[in-house]
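Since every read-out is calculated from the coordinates, none of them should be taken as a lab result. Computed from a predicted structure; not experimentally measured. Cβ placement follows ideal geometry from the backbone for every residue including glycine, while neighbour counts extend to all protein chains displayed.
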Amino acid sequence: MITLHINGEKHEINVSSEMPLLWAIRDIIGLTGTKYGCGKGLCGSCKVLLDNSPVQSCIIPVSAAEGKEILTIEGKSKNLQLLQQSWIDLNVPQCGFCQPGQLIAATALLDKNDNPNDTEIDEAMIGNICRCGTYQRIKKAIHKTVELKKQN
Amino acid sequence: MKTIKNISRRSFVKSIGLASGGLIIACNTSIFSDKDKIPKDLIDFNPNLFVQLNSDGSLILIASRSEMGNGVRTSLPSIIADEMDADWEKVTVKQATGDKKYGDQNTDGSRSIRYLFEPMRKMGAIARTMLISAAAQKWDVSTSECSAENHFIVHSSGKKIGFGDLVEIAKTLKTPEEDTLTYKSPKDYKYIGKDLSSVDVKDYVTGSAIYGLDKRLPNMKFMAVQRCPVTFGTIKSFDKTDALKIPGVEAVIELPRIERPFGALGGVGVIASNTWAAFKGKEALKIEWDFGENEVYNSKKFMNQITKNVHKNGKVLKDKGNISKAFKKASKIIESTFQLPHLIHAPMEVPVAIAWVQGDSCEVWASTQTPQASRKEVIDYLKTSEEKVTINVTLLGGGFGRKSKPDYVVEATIASKEINAPVQVVWTREDEIKHGYYHTVSAQYLKASLNNEGNVTGWLHRFALPSISSTFAPGVEYASGGESGSATNLPFNIKNVKVEIGKAKAHVRIGWLRSVINIPHGFSINVFADELAYAAGKDPLDFRLNLIGEDRIVNPKAKNLKLNSARLKNVLKVAAKNAKWGKELPEGHAYGLAVHYSFFSYVASVVEVSMKNNKLRVHNVYTAIDCGVVVNRNTIKAQMEGAAIFGMSLAYYGKITVKDGAIEQSNFHDYKMIRMNETPTVHVEIVESTEKSTGVGEPGVPVIAPAIVNAIYKLTGKRYYNLPLSDHGIV
Ligand code: FES
Ligand code: FES
């Protein structure tokens, strides 16, 4: 038995300890918002927060996530919610498939850095591919979220 | 306009003719299957197949085309809602299953709006007309005193009634004849031409959007398939012992090759209780292959061969004027050879399909651009009849042409039939890159003559590329008509033009990829025209406008939507104006331009680049598009932004190579994509137009690579004729 804490909920699952976290989340626990894009840590579609750090869940064995707090796109965090609203306001997604991973990466950035500049955004988001090419709007939406936070 | 004709008396089903095939509009048949009926206490009114109005005022509109980031689930229903004067807030969009009654559903060729703008307006007009009649009947007044306004019918006296309250009467009315319908004036459009958010945006950002990869059924199994590394190779023998030892693996089956354009490639399928076990099981298989005849394919050698073929006379497609005379009399001759590699689609979501075969019936859930072709493949494989096969279309995590080839739907069907359970086939990224339908590889030779004034007097364009037709008719060795138009309809005012094609045999499955033949042709023509400008000692913008020449129709014999040189020049001027072409740029920066007509739309881009330590950077892209009447402004902008990135990815990194018949690339480390840090700012202007709506999804792509190459030349004096730029060490 492996115990996972996902979005504040406890899940006991019976899988091989080598199973990548991604597939435990998607196929065993049934949260399908976290996506498979490459399986090799190259595209960021599968990103989740593990104790507040962004990780590619496709290359992390489920055993490495035991006892840690996992946040997926279905979960709630202040920055994630603000970012989601900016994403909606600026119509960021095209096909939408990469966006859970993009939002998780952006959440991790804002959790650490209140006021990232363009270079810092590039660095935080470089691991996330968007084949539809929504990068420009993603960047804008991150800036917009920062502005909103400043106003409040 | 064709008239509506009765095709079935019983259910009073009517059909209207469409460019895209017949589209049936049925009256009084619910658009819901029994499974997902609306709540019992509601009454529904179905004026046609695309509209269901419920008595609580909620409105369900059908999207018949696939959503893959192209925005159709928003744009198509918004046309209906606008013409119906419905309140967009009350609209829910329902995805159509694959069925001929919806007309052509193949979401491909940038034609959803082009084909469906008028039919969708008609669906809205029918609904509105019937609601007006219902209100008039209720109030006992003339219909001419009633009008529709934001989900109400309003009488000239000021009284009004909600759409939902008219359902009961409207249900009893006859569908109006097509020639009695009236349409809104474009100036009254509420949604068309505006910025509408995607109806799915909330689901996208909360992770609740359901793609093919996310669909789950009770007792569903997951399958990964090992296919032969060489296209059309076959299995000699295989050992499944180790695969079966992987926890979670339940069965290993042999998949036959189905010899059809969209048939399964064949291979060994590992079926498991989760995706990871299926992937691991696949890796554990030991297979001996018979590679077959495509083992001879080496893309490097092949490039040399097709390059030779364009350096000698080919099959003549066009011969206007007298090219040899023009070349003889020239004061300057320029010639260049272009080489572009294979590409693969790499949609963010790999191909995925679920099939559930029960007896002679089958239900499919798939990320497919083409539910009807999927249905056809399943029907033929199972040798069953149409009504036994349902194709549900999920959201697509990108398509780019890959998902209009439903070979993966066939794989899922084979497996489900074999193991008697629902099966989801999931391609790995490696599978997607190694076993796709490849964008063609090409060699092109261009030669032109200039006279003393620097005007182009002769133009010879020769190209050789394995044709998409070879996927449908094995053995085809020449480009088809559809792969030639972008060369033969050269929009330049040149007296002597010759276009020829050379031989090229396909050794992998060749398929269409976002903007298709316009990638190689848009590249060579734009780069070569730029080269000619410098040879003539002229500014590339002035030279190009002059080369396009006077206002005229370039292809007067075309049936419809002719190429208008004035619109082509206009987008170039708009892009140049927005970029402030000619202005002083920062030290080490330069502009390049390209303009191209494809999918009946006109697109120009000016790009700003710089080079630092021999590394390229694209800073700005100024794109102008004329695609006729605008439906959703936001989508068009987004498509142009995305096309710039797609075009940059292929310009920088796009390259699939083949050794001994096997694809050498495997994942995003060796088939790279543009990322955030390389992203320019894309500035889009959509030209105002009252012309018919034309393509948007693809035409933004072809201009990007040549504009970049032209800008690099301006900056460094070095011109690149071969892509990707990573081969030249500058990215
Ligand atoms: S799926 Fe994990 S990084 Fe691509
Ligand atoms: S929105 Fe489609 S891959 Fe990013």
Label-point gap, in nm, between B:LYS202 and B:GLU118 - each point 7 angstrom along Cα→Cβ
3.7 nm
Contact order normalised by residue count of the range A:78-151, Cα under 8 Å, 6+ apart, percent
45 percent
What is the average number of partner chain Cβ atoms found within 10 Å of a Cβ in A:27-35?
5
With the convex hull built on the Cα atoms of chain B, state its orientation-averaged projected area in nm².
33.7 nm²
Loop-only check: which trypsin sites (Lys or Arg not before Pro) in the range B:568-675 are DSSP coil with at most 14 other Cβ within 10 angstrom?
B:LYS580, B:LYS583
What's the center-to-center distance, using Cα atoms, between the range A:2-46 and the range B:697-720 in Å?
42 Å
13 Å reach of a label modelled at A:ILE126, 7 Å along Cα-to-Cβ, counting backbone N of the range B:651-691:
B:675-679
When Lys and Arg each count +1 and Asp and Glu each count -1, what net charge do the other residues less than 11 Å away from B:ALA566, Cβ to Cβ, add up to?
+1
If one computes the Cα centroid of the range B:577-642 and of the range B:298-373, what distance in Å separates the two points?
24 Å
Long-range HN-HN contacts of B:ASN722 with modeled amide H, under 5 Å:
B:GLN339
For B:GLU295, what charge total do you get from the other residues with a beta carbon under 12 Å from its beta carbon, if Lys and Arg give +1 and Asp and Glu give -1?
-2
With the convex hull built on the alpha-carbon atoms of the protein assembly as shown, volume per residue in Å³ sits at 175 Å³
Add -39500 (n - 2.57) for each DSSP H run of 4 or more in the protein assembly as shown, then divide by its residues: what number comes out at 222 nm, to the nearest 500 deg cm²/dmol?
-8500 deg cm²/dmol
Tally Lys/Arg at +1 and Asp/Glu at -1 over every other residue whose Cβ is under 11 Å from the Cβ of B:ALA125; what's the total?
-1
Between the range B:98-136 and the range B:431-495, the alpha-carbon center distance in angstrom:
36 Å
Step through the residues of the range B:292-297 one at a time and calculate ³J(HN,Hα) from phi using the Karplus curve (6.51 cos²θ - 1.76 cosθ + 1.60, θ = phi - 60°), rounding each to whole Hz and writing x for Gly and Pro.
x, 6, 6, 4, 6, 6
Of the trypsin sites (Lys or Arg not before Pro) in the range B:265-323, those whose Cβ has at most 11 other Cβ within 10 Å and which sit in DSSP loop
B:LYS312
Which pairs, out of B:LYS498/B:LYS573; A:LYS150/B:LYS215; B:LYS325/B:LYS538; A:LYS68/B:LYS280; B:LYS94/B:LYS403, put more than 32 Å between their alpha-carbon atoms?
A:LYS150/B:LYS215
Below 8 Å, C-alpha to C-alpha, sequence gap of six or more: please give me the relative contact order for chain B in percent.
13 percent
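So what is the diffusion coefficient of the range A:78-151 in µm² per second by Stokes-Einstein at 37 °C and 0.692 mPa s, using a Kirkwood Rh over Cα pairs?
It diffuses with D of about 275 µm²/s by this estimate.
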Amide H to amide H under 5 Å from B:LEU317: which residues, 5+ apart in sequence or cross-chain, H placed 1.01 Å off N in plane?
B:VAL499, B:GLU500, B:ILE501
Normalised by the residues of the range B:122-230, what does the relative contact order come to in percent, with Cα pairs under 8 Å and at least six apart?
22 percent
Which cross-chain or sequence-distant (5 or more) residues have an amide H under 5 Å from the amide H of B:PHE152, H modelled 1.01 Å from N in plane?
B:PHE163
Length released on extending from A:LYS150 to A:THR3, taking residue separation times 0.36 nm less the Cα-Cα span:
49.1 nm
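Under a point-charge model restricted to the Cβ atoms of Lys and Arg (+1) and Asp and Glu (-1), what is the dipole moment magnitude of the protein assembly as shown relative to its Cα centre, in debye to the nearest 20?
Working: 111 positive and 93 negative charges, 550 e Å.
Computed charge dipole of the protein assembly as shown: roughly 2640 debye.
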Quick one: length gained pulling B:ALA535 to B:SER324 fully straight, 0.36 nm per residue minus the C-alpha distance?
74.0 nm
So the FRET efficiency between B:GLU288 and B:ASP360, C-beta based with R0 = 56 Å and rounded to 0.05, is 0.95
